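Student: What follows is a single structure, and I will ask about it in a moment.
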Amino acid sequence: MEKAFKNEIKSQFPYLCNSKLLLAVSGGVDSVVLAHLCKAAKLDFALAHCNFNLRDEESDADEGFVATLAKRLQVELFVENFDTEQYAKDNSLSIQMAARDLRYEWFEELRLKHQFDYTLTAHHANDSLETFFINLLRGTGLEGLSGINSDSNKIIRPLLNFSRNEIAAYAKENNISWREDSSNASTKYLRNKIRHEVVPIFEELNPQFLEIFLKTQSHLKENEELVEDYMSLLYPKIIDRTKYGYSLDINYLKKVPNTPAVLYQLLKSFGFTEWNDVYNLLDAQPGKMVFSASHKLIKDREYLILTEKSQIEDKVYKIAKNEDFAMLPMGTFSFSEVGEIKEKTSNCIYVDPEKLDYPLRVRKWKKGDLFYPFGMKGKKKLSDFFKDKKLSLPEKENSWLLCSGDKIVWVINQRADRRFSITSPDQKIIKITFSL
């Protein structure tokens, strides 16, 4: 296996030979063997061990074992203790998910702090097979069926082409000791149940099941790459970056073959789960929305608008009299007295200071707001004003108002209210400018 590992590094991960590596070691056979293989391959690495404090004395014994391993291999060791149960409770996570989040966050902190190039983990072929079944049970796309990635976000998994049996055999042949995690025998965890009860059935039906899976996984990854290449060609024709997110061209989407699959590929990373609702947006009425945990997708005439989910702020910001500048979360206001009205642009207005009632207030618009648009007769509801301007829902949601008392002075960067305009050349003139 040692020779095969060196060949794997040379052919698949040659950049590791000149890199500073952080190796995650639990004390189990997989990570201990990986540490020995890295030493044999003369890689530059240190060890990182997480004590999750879930198995009392067993957890402390694991930590002690890894410390001894680090001394034997003559490499640096980093250890961190976690209150995993409390973290899981505070974040409403399972113990396994809590441990996963804690270790990967810590690995990345270590990597950046000590300038390691990559983090290595000891995931192997059986882990990838178990992940396949887990994703299959939960529902997934092609990427979920193609197993664990060998290289992602500075995390390298160089043992993915080796089986659990190969790793254990290497440990026994070389008299390498390791720690057994007693929780691995429990079938209360989904992964363990798949490992101990599901996979053996397939191996009984076909002893070469793991090898067949690895070949199938390779084909799936090739197909995944093909889809990614196709999507890279479609992406610029369908999607445009906007101020508030992305817009997707509905007409173009309807022309491409297999529109639902294309939509899934475009939007899969934004957390949507109700895919039939997403597809139905293409023919829905403008204003219809579908939500994920983090984003919303809005039908807006000829486009789908993708934007982050944000609550309309009810907070009102105040600007006192005689302030030359007011820096607020949405931008900066500047006030200056001028002798005449010069250029008129969308980001500035000219008002009669005698008509202003301080403190001025800045707030989001709300249903029922109306104003007297400069250059128009009569009053107008803001909702109708926005409709006439054909603003998208994100643009409406991000519209701010500058108010004097209960009157709108300015629909910021869009239209001033004529009630505050200059009516005589002898009046004082205040220029109000807004900038992001």
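Student: Only sites in a loop by DSSP and with at most 15 other Cβ atoms within 10 Å count here; which trypsin sites (Lys or Arg not before Pro) in the range 6-69 make the cut?
Tutor: Taking the range 6-69 and a limit of 15 other Cβ atoms within 10 Å, the loop trypsin sites (Lys or Arg not before Pro) found are 42, 55.
Student: Rolling a 1.4 Å sphere over the protein heavy atoms, what is the accessible area per residue of the range 35-159, to the nearest Å²?
Tutor: 50
Student: Got a number for carbon plus sulfur as a percent of the chain's accessible area, 1.4 Å probe? Present the calculation step by step, with values, prior to reporting the outcome.
Tutor: Details: 11890 of 24540 Å².
Carbon and sulfur together cover 48 percent of it.
Student: Counting only heavy atoms of protein chains, what accessible area per residue, in Å², does the range 205-348 have with a probe of 1.4 Å? Intermediate results must be reported in sequence, preceding the final value.
Tutor: Values: 9360 Å² over 144 residues.
Heavy-atom SASA per residue in the range 205-348 reads 65 Å².
Student: Still on this structure, I have one more. On the full set of protein chains, 1.4 Å probe, figure out the accessible area of residue 283 and give it in Å² to the nearest 10.
Tutor: Residue 283 exposes around 120 Å² with every protein chain in place.
Student: Within the range 1-152, what is the number of lysine pairs with alpha carbons under 25 Å apart, leaving out pairs fewer than eight places apart on the same chain?
Tutor: Within the range 1-152, the lysine pair count is 20.
Student: For residue 299, list the aspartates and glutamates whose Cα falls under 18 Å from its own Cα; do not include residues on the same chain fewer than 8 positions away.
Tutor: List returned: 240, 249, 274, 277, 283, 308, 388, 395, 397.
Student: Let me ask you something else. With runs of 4+ DSSP H residues as the only contributors, calculate the mean residue ellipticity of the chain at 222 nm using -39,500 (n - 2.57) per run, divided by the residue total and rounded to the nearest 500. Could you put the intermediate results ahead of the total?
Tutor: Details: 16 runs with 168 residues, N = 436.
Taking each H run of at least 4 residues, the total per residue is -11500 deg cm²/dmol.
Student: Counting other Cβ atoms within 10 Å of each Cβ, which trypsin sites (Lys or Arg not before Pro) in the range 136-213 have at most 11 and sit in a DSSP loop? Numbers along the way, then the final one.
Tutor: Values: sites: 138, 154, 164, 172, 179, 188, 191, 193, 195; in loops: 154, 179, 188.
Taking the range 136-213 and a limit of 11 other Cβ atoms within 10 Å, the loop trypsin sites (Lys or Arg not before Pro) found are 188.
Student: Within the range 11-38, whose backbone N sits under 18 Å from a point 7 Å along Cα→Cβ of residue 44?
Tutor: Correct set: 13-24, 38.
Student: Return the ratio Rg/(2.2 N^0.38 Å) for the range 242-381, where Rg is computed over Cα atoms only. Could the numbers behind the result be given before it?
Tutor: On the way: Rg = 21.2 Å, N = 140, 2.2 N^0.38 = 14.4 Å.
Rounded to two decimals, the normalised Rg is 1.48.
Student: On to the next question. Based on the Cα coordinates of the range 92-241, what is the per residue volume of their convex hull in Å³?
Tutor: On the way: hull volume 28.2 nm³, N = 150.
Output value, Cα hull per residue: 188 Å³.
Student: Do any GluC sites (Glu not before Pro) in the range 336-436 lie in a loop, going by DSSP, with at most 14 other beta-carbon atoms within 10 Å of their beta carbon, and if so which?
Tutor: 340, 343
Student: Calculate the dipole size of the range 175-266 relative to its Cα centre from +1 charges on Lys and Arg beta carbons and -1 charges on Asp and Glu beta carbons; express the result in debye to the nearest 20.
Tutor: Numbers: 12 positive and 13 negative charges, 99 e Å.
The dipole of the range 175-266 has a size of about 480 debye.
The values are calculated or read from the model by the stated rules, or taken from the named source; none is laboratory data. Quantities reported herein were computed from a predicted structural model and do not represent experimental measurements. A quick note on method: Cβ atoms are made from the backbone with ideal geometry, for glycine too, and the neighbour counts reach across all protein chains shown. Accessible surface is based on the protein model in full, side chains and every heavy atom, while ligands, DNA and RNA are left aside. Shrake-Rupley method; radii C 1.70, N 1.55, O 1.52, S 1.80 Å.
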